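Accompanying notes for the structure given below.
The values are calculated or read from the model by the stated rules, or taken from the named source; none is laboratory data. Predicted model, so just to flag it, every value in this text is computed and none were measured. Virtual Cβ from ideal backbone geometry, glycine too; neighbours counted across all protein chains shown.
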Amino acid sequence: MPPFNAIRAAIARHKSFYITTHVGPDGDATGPALALKIALESLGKRAVYVSRDGVPGSSRFLSRCDEVELDVAVGERFDCAFVLDCDGTPGRVASRYDPIETASERILIDHHRTSQPIFEVNWLDPLKPATAQMIYELLVALEMPISSEMATGILTGLSCDTGHFRFSNTTPDCLRAAAHLVELGADISLVAFKQFDERSFGSNKLLGVAMTKSQSEHDGELIYTAISSKDFQSQGTGDESSENIVNFLRNVRGARMAICLRERRDETGPHARISVRSEESLRADLFCNEFGGGGHAAAAGCRQSGEFLPIVTKVIRRANQWLDEEHPAVAN
Ligand SMILES: [Mn+2]
């Protein structure tokens, strides 16, 4: 049973709430977190949503996304902290840890398989398609009104994590939630466009470069592309422009595993960001675990420090082996 009573009691008992999500937020972090903030404020509570990485471009159409804070004042304390869509550990949350650590009650709501109960209240359910589905069910269970702007935020999360209701995690409950959210005023057409179709001009050109450079291995079962710093520079774009490129690789007929590697360089030195999509039975999450990352059975990611080409070679060699190996079934 979801801990609705414990969350209801926490909301009733506390006055100030700190909300945060994972680093590099996506629509299923930003959308439900904004909806929860609005819900708490409508009860007269103080609610702050902090994301040091701001709001992803695909979520910037959400009304009130300008209320997302990059940080709070050092030493500021909150009665209760909500951490959404991640495992709640210091390395994963998109905020300083002390506002979470010093809150008198912490609530973790997540659907990632690798999450463990670490807070006073934990609602972890890997069978949920999105954290947005959980926030929707929470608001309905607690009989909290869902405004059209909240509905659009929650629908954004559902859309983001289900490939706009196309991936195998699209459950009947998720479609029923989506139908209800559309009744409540969510703009499903706008959400689909913003989450999956809209690209900047530079990002569209980068997509062309990435597709042209894509490689096919393992009898066409492995499709990958490696986007170098030079490629980004030649199109005048950054890593935010490489969103979703991996899904285009996954679309190739016969592909069972798709990998998009991007060369990055920042204050921590050279590294590669790696996105993986696969058939569920190939466990993209376990593949990325080997490289210090994680995610879901069909969609996961990781990051590797070091020079780009040796990383590409290492990851692609392992992917070729991975396709020949047996992997644990996804528990249902
Ligand atoms: Mn999610």
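Entry remark, the range 262-283: residues being closer than 20 Å to LEU127 by Cα and more than 15 Å from the chain's Cα centre (by Cα) number 6 in total. Name the single residue that is nearest to the ligand (Cβ to nearest atom) among those in the range 39-58 being under 25 Å from GLU240 (Cβ atoms) and of a type in the set (A, V, I, L, M, F, W, C). Looking at residues that are under 25 Å from GLU240 (Cβ atoms) and of a type in the set (A, V, I, L, M, F, W, C), I get VAL55.
So that you can scan it fast, the table gives a plain yes or no per residue for (1) modelled with pLDDT of 95 or more; (2) assigned by TED's automatic domain parsing to the domain that holds HIS164; (3) of a type outside the set (D, E, K, R):
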position	(1), (2), (3)
GLU240	no, no, no
THR268	no, no, yes
LEU286	yes, no, yes
GLU290	yes, no, no
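When the range 183-221 is filtered for residues that are more than 22 Å from VAL55 (Cβ to Cβ) and basic (Lys, Arg), the ones remaining, listed by number, are LYS205, LYS213. Among residues that are aliphatic (A, V, I, L, M), in the same structural domain as VAL191 (by TED's automatic domain parsing) and under 14 Å from the mean Cα position of the chain (by Cα), LEU139 is not included. Mind listing just one residue for me: the one in the range 96-125 that is polar (S, T, N, Q) and surrounded by fewer than 20 Cβ atoms within 10 Å (Cβ to Cβ) and, of those, nearest to LEU36 (Cα to Cα)? Selected residue: ASN122. Per this entry, ILE135 is counted among residues that are closer than 21 Å to ALA177 by Cβ and hydrophobic (A, V, I, L, M, F, W, C). Among the residues of the range 168-199, those that are outside any helix (DSSP H, G or I) and either touching a residue at least 60 places away in the same chain (Cβ under 8 Å) or farther than 30 Å from ALA226 by Cβ (or both) comprise SER168, ASN169, THR170, THR171, LEU184, GLY185, ALA186, ASP187, GLU198. Being touching a Leu at 6+ places or on another chain (Cβ under 7 Å), assigned by TED's automatic domain parsing to the domain that holds ASN247 and either at pLDDT 95 or above or not in a strand (DSSP E or B) (or both) holds for only one residue in ILE154, ILE223, and it is ILE223. Can you find a residue in the range 132-150 that is touching a Gly at 6+ places or on another chain (Cβ under 9 Å), in contact (Cβ under 8 Å) with a residue 24 or more places away in the chain and among the acidic types (Asp, Glu)? Checked the range 132-150: at least one residue is touching a Gly at 6+ places or on another chain (Cβ under 9 Å), in contact (Cβ under 8 Å) with a residue 24 or more places away in the chain and among the acidic types (Asp, Glu). State the number of residues belonging to the range 232-262 that are among the small types (Gly, Ala, Ser) and touching a residue at least 60 places away in the same chain (Cβ under 8 Å). Of the residues in that region, 0 qualify.
Out of the residues in the range 126-146 that are buried (at least 16 other Cβ atoms within 10 Å of the Cβ) and part of a loop (DSSP other than H, G, I, E, B), state the one that is nearest to the ligand (Cβ to nearest atom).
Of all residues in the range 126-146, those buried (at least 16 other Cβ atoms within 10 Å of the Cβ) come to 126, 128-139, 144, 146.
Next, only the ones that are part of a loop (DSSP other than H, G, I, E, B) stay: 126, 128-130, 144, 146.
On the way: PRO126: 11, LYS128: 9, PRO129: 8, ALA130: 5, MET144: 21, ILE146: 19 Å.
Of everything passing the filter in the range 126-146, ALA130 is nearest to the ligand (Cβ to nearest atom).
Scanning the range 20-38 for residues that are away from the ligand (no atom under 13 Å from the Cβ) and of a type in the set (Gly, Ala, Ser) turns up just one, ALA35.
Just one residue in the set VAL83, VAL93, VAL72, VAL50 is under 16 Å from GLY157 (Cβ atoms), surrounded by 14 or more Cβ atoms within 10 Å (Cβ to Cβ) and assigned by TED's automatic domain parsing to the domain that holds TRP123; that residue is VAL83.
Look at ALA210 and say whether it is under 25 Å from LEU36 (Cα atoms) and either under 20 Å from the mean Cα position of the chain (by Cα) or away from the ligand (no atom under 16 Å from the Cβ) (or both).
Taking the combined requirement at face value, the residue does not satisfy it.
Applying the condition of being assigned to a helix (DSSP H, G or I) and among the basic types (Lys, Arg) to the range 1-19 and asking which residue is farthest from the ligand (Cβ to nearest atom) yields ARG13.
Taking the criterion of being at positive phi, among the charged types (D, E, K, R) and more than 13 Å from the ligand (Cβ to nearest atom), no residue of the range 80-110 qualifies.
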